[in-house]
Amino acid sequence: MTGPATITPGGSSATQAAQEAAGAAGCGPVIVLTYAHSGHELLPGALSASRAVACTHGTGLLPLCHSAVSTWQNVENRGTAASPLALKSVRMLVTTMATTLQSATGTTRWCEIAYAGRAAAETFLRVFPEATLLCLHRSLQAVLAEGTRAYPWGLGSSPFWYHAADHPGNNVATIAEYWAAHTEQLLALEQAYPQSCLRVRYEDLASEPHRHASKIFARLGLDTHDLIEPGQPAQDQHLAGSTSRRQPARDTGPETRPPLTQMPPDLLAKASDLHISLGYGPLTP
C-alpha cells in the first residue's frame, strides 16, 4: 500500500484492533468489498432478512475515510501513523454520515457495498477496528461472461477500461486483468486481517442461499432466527431472488463464456493460480 495512510499488520496495534473487534462483535459496520460484475446484488437480498442491517452502495464513505486520514497526517506532519485525535475525528465524521443513512430505515447497523481498494479498506479498519469485511468473489468465467454481455461493442467507459492499455482490442484479456488485480487485493486483505475478513463466493450464495447466509449472519453476530428454515421455500426465494430485478444475468454454461485462449499465457497462468486459491479449480483454455 502506498501513500500516508499505511498501516502494518502485526504488532501491538493489530492485537489491540483484534481485541476491540472481538469485543464489539455484532455492532460494527459491515463492508462488502468486491468489484464490478461480481454479482454483489445478491448480498443485500441475504442481509435484508435481518431487521438490524441497512445496506448502501457507492456512498463514497470508504474513500472519504481514507482521504480524511491522509489529510490529517499531512496537517499533523506525521509519517505513516495517524494520531488518536485524527482517527477519532474521522470516526466521528463517518459515523455521523452512516447514522444519517440508518435513520431512514430504523436499523442499528450500516453495511456498505464498495469497490474500494486495499488502501482504503486498511484505513477503514484503522478507524473502525470492529468492522467486518465481507470479501465477495466470483469466478473469472462468470465475470467474463457478464462483462462481455454488458459491453458488447467495446469496453470504453466501463470499469475495465483502466486495464485496456496492455491488451488493445482484447476484451477478454482486459476483463481478466481487472479481475486478477481486484482478486489479488481481496486475497491479500484476507491474509493480512483474518480476524476482520470473511470470504464469500457468489456461486455459493446463489446455489445454497440459506446455508451461506447463515454463516454470514453468524460471523456478523446477527440473529439467525430472522432466517426461515430451508424447508420453507419462501425464504430461499427471498434470499436468492429478492434482488432479481437488479441482479445481473448469471453465467449459464460454457457456451456463454468467451474463450480463455484469447488471454496471454502469463495472464492465464496468473488467473488460474488465483482461481485455485479461491477454491474454483484451475482454468483450462
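The values are calculated or read from the model by the stated rules, or taken from the named source; none is laboratory data. Not measured: the values here are computed from a predicted model. Glycine gets a Cβ as well: all are built from the backbone with ideal geometry, and neighbour counts include every protein chain shown.
Can you name the residue in region 35-70 that is touching a Lys or Arg at 6+ places or on another chain (Cβ under 7 Å) and farther than 28 Å from residue 92 by Cβ and, of all such residues, is surrounded by the most Cβ atoms within 10 Å (Cβ to Cβ)?
Here the residue is 38.
How many of the residues in region 85-126 are in a strand (DSSP E or B) and touching a His at 6+ places or on another chain (Cβ under 6 Å)? Write out each step before concluding.
Of all residues in region 85-126, those in a strand (DSSP E or B) come to 109-114.
Imposing the further condition that a residue be touching a His at 6+ places or on another chain (Cβ under 6 Å) reduces the set to 113.
Counting residues in region 85-126 that are in a strand (DSSP E or B) and touching a His at 6+ places or on another chain (Cβ under 6 Å) gives 1.
Going through region 255-285 one residue at a time, which ones are over 23 Å from the mean Cα position of the chain (by Cα), loosely packed, with under 14 Cβ neighbours inside 10 Å and in contact (Cβ under 8 Å) with a residue 40 or more places away in the chain?
259
Quickly run through region 174-189 and pick out the residues that are within 19 Å of residue 272 (Cβ to Cβ), buried (at least 17 other Cβ atoms within 10 Å of the Cβ) and under 18 Å from the mean Cα position of the chain (by Cα).
Answer for region 174-189, where residues must be within 19 Å of residue 272 (Cβ to Cβ), buried (at least 17 other Cβ atoms within 10 Å of the Cβ) and under 18 Å from the mean Cα position of the chain (by Cα): 175, 176, 177, 178, 179, 180, 182, 183, 185, 186, 187.
Kindly indicate whether any position in region 207-225 is under 30 Å from residue 285 (Cα atoms) and either modelled with pLDDT of 95 or more or surrounded by fewer than 20 Cβ atoms within 10 Å (Cβ to Cβ) (or both).
yes
Do we have residue 73 as outside any loop (DSSP other than H, G, I, E, B), more than 21 Å from the chain's Cα centre (by Cα), of a type outside the set (Val, Ile, Thr) and crowded, with 16+ Cβ neighbours inside 10 Å here?
Considered against the rule, which asks whether it is outside any loop (DSSP other than H, G, I, E, B), more than 21 Å from the chain's Cα centre (by Cα), of a type outside the set (Val, Ile, Thr) and crowded, with 16+ Cβ neighbours inside 10 Å, residue 73 comes out as yes.
Give the residues of region 125-173 that are among the aliphatic types (A, V, I, L, M), surrounded by fewer than 17 Cβ atoms within 10 Å (Cβ to Cβ) and closer than 17 Å to residue 263 by Cα, sorted by residue number.
Passing the criteria: only 165.
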